[in-house]
Structure formats: C-alpha cells, structure tokens
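The values are calculated or read from the model by the stated rules, or taken from the named source; none is laboratory data. Keep in mind it's a predicted model, so treat the numbers as computed, not measured. All Cβ positions, even for glycine, are placed from backbone atoms using ideal geometry, and neighbour counts span all protein chains on display. We work out accessible area using only protein heavy atoms, side chains counted, and drop any ligands, DNA or RNA first. Shrake-Rupley method; radii C 1.70, N 1.55, O 1.52, S 1.80 Å.
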Amino acid sequence: MSELPKMSFGHLGIDVIDIDKMIGFYTDVLGFKVTDRGMGGKAELAFLSRNPEEHHQIVMAATRNDGERTTINQISFRVDDFKQVRQAYDHAVSAGIERIEPVDHGSALSVYFPDPEGNRIEVYMATPWYIAQPHRQLIDFDKTDEEVWKTCEDKCFADPTYQPMDEWKAEFAAS
C-alpha cells in the first residue's frame, strides 16, 4: 500500500434546505462572505469564505428536502483565545439564537449553537492542556475570562490523565 500525501483540510460541503436562510446565518452570524453563487446542474450552489486565500471554505448545495435530517454532527471553527470564544457567544446571544451551550472540554473552551437547519456550530480555542476525552463541563459566562481559565486549568491539573498538550502532540507525531 502506498503512503498518503500530506493533506490539509480544504472545505466543507453542506446539503441545505433553504439556501437564502443559511447564507444569511453564515454571513451575519459567522462572518462569511459569498464568493460565488449559481446553478450547478439542478441544484443552486453558494460558495462562502472568510479567508481570501480560499475561494470557498464552505459550499452549500440546495439539495436537501424539508424534513430530511442533517448528517452533520458539528462544524467547528478555531479561534486564538477565550476573548474570541466569548465574542462568538455574545454575538450568538445578540442574534437571538437559542440552545447556546458554552462548554469546557479541558483541552478546549467552546461555545456551541445551531444554525437555522440544525447543524451544530462550535467556536473554540485550544488550551495548552490535554485530558482524556470526552470531557464536558458547562462554562459559566458570568465569570471573568481569568476565572474561566483558572477553573479549566485547575480541573486539568487535577485530572489523572493530564499532560501538557505539547507532550501529547509529540506522542501523537511519533505514533
């Protein structure tokens, strides 16, 4: 068997029911821009990106029928720090999104919320700590950023599976 080439994630395709509603959400709530839109065979397609180096990070295809369940478990967007996670949380609250869930995973601090068609969105930052997953503890956004960070750090250091993330990464790379 031949070796696989080095790969990086390029983009995600989503089958959608209401393309206009989904474009509105991804542009207004998540800051994407529509880079192209048109018919591809019998389906309308929309291409969206937040990165000028990528023509599209998401392509939507209006191919799903009303009532059909989405097959996406979650779509995750990484940010640099907890301030940005809080910004995403505040923006989702101000947009009137329901079922917003801030979660401390130990190795990440996240906020989850659904898009208009029920796809779960995650905005997260990675921490410098590894603990075994799955791990899930709700974040209290009434706390300051420093208090949230300290709570996560203390919990990770007390966990028997804890190790610095750099050590976990080195083990992963060596395996």
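When the residues of segment 1-50 are narrowed to those that are among the hydroxyl-bearing types (Ser, Thr, Tyr) and open to solvent by 50 Å² or more (accessible area, probe 1.4 Å), which ends up modelled with the highest pLDDT?
The selected residue is 35.
Filter segment 28-50 for residues that are within 27 Å of residue 94 (Cα to Cα) and in a loop (DSSP other than H, G, I, E, B) and give the result.
29, 30, 31, 32, 50
Looking only at segment 125-175, filter to residues that are at pLDDT 95 or above and polar (S, T, N, Q); which one of those is nearest to residue 80 (Cα to Cα)?
Top of the filtered list is 127.
Do you know which of the residues in segment 51-99 that are among the small types (Gly, Ala, Ser) and assigned to a loop (DSSP other than H, G, I, E, B) is least open to solvent (accessible area, probe 1.4 Å)?
Restricting to residues being among the small types (Gly, Ala, Ser) and assigned to a loop (DSSP other than H, G, I, E, B), the top hit is 62.
Go through (1) touching a Gly at 6+ places or on another chain (Cβ under 7 Å); (2) over 22 Å from residue 113 (Cβ atoms) one by one and return the number of the condition residue 59 breaks.
(2)
Going by what's in this entry, would residue 150 be described as among the basic types (Lys, Arg) and not in a loop (DSSP other than H, G, I, E, B)?
Yes; evaluated as a whole, the condition is true for this residue.
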